[in-house]
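Heads up: the structure comes next, in structure tokens.
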């Protein structure tokens, strides 16, 4: 659940964590933005790869989104997200390509879900400035502490995130602060198919609605597609896959 250099140029690229269909355990992936509270066990992990296509009134953008998640314990995990390729095509300007930034997020579950008591995790994302300047890399570290909430209600799984992003401007000076929120709901509609809906504002404070679907082809492999629409009339499509290990 993904600072995204694609979104810095045109609008916020959407989406980033999912429940694996057919399983009670969730792994972060690149299908929706909200980070889920249903984490895996110690030693379990997930590799997620997605390809994103964004079209907006100010231009278009494409890029890859990669996530590697690993369970450090039954309550703690680490999420590594490199943006390996970004292509920006602003309206009336030359197309630019380059590598995006790297995000590293450790998290820890301080409360386990118990009846109507939701699961609660504390997370701390660090943006490492590996992004090229020509694709909106700031060259500065950003910091994002936030809380993840998760609750099962009947056949539904609900998750929410709330935190404050501290972004260092490229020209220097004090941190820009943005309150970030995400809410999502998901439900298995068949043995192998799970649907998701969510709303969020992400780190660059653009309100977005999105929906995604994931199909489980085997115990370890699934694929997904997602569509989203922002308050700036930007449209984003994302397709990808997950492999658990």
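Across region 137-147, the qualifying residues are those that are more than 15 Å from the chain's Cα centre (by Cα) and assigned to a strand (DSSP E or B), and the one among them that is surrounded by the most Cβ atoms within 10 Å (Cβ to Cβ) is 142.
Look at residue 13 and say whether it is surrounded by fewer than 24 Cβ atoms within 10 Å (Cβ to Cβ), modelled with pLDDT under 95 and assigned to a loop (DSSP other than H, G, I, E, B). No; evaluated as a whole, the condition is false for this residue.
The values are calculated or read from the model by the stated rules, or taken from the named source; none is laboratory data. What you are looking at is a predicted structure, and each value in this text was computed from that prediction instead of being measured. Every residue, glycine among them, receives a Cβ derived from its backbone with ideal geometry; neighbour counts consider all protein chains shown.
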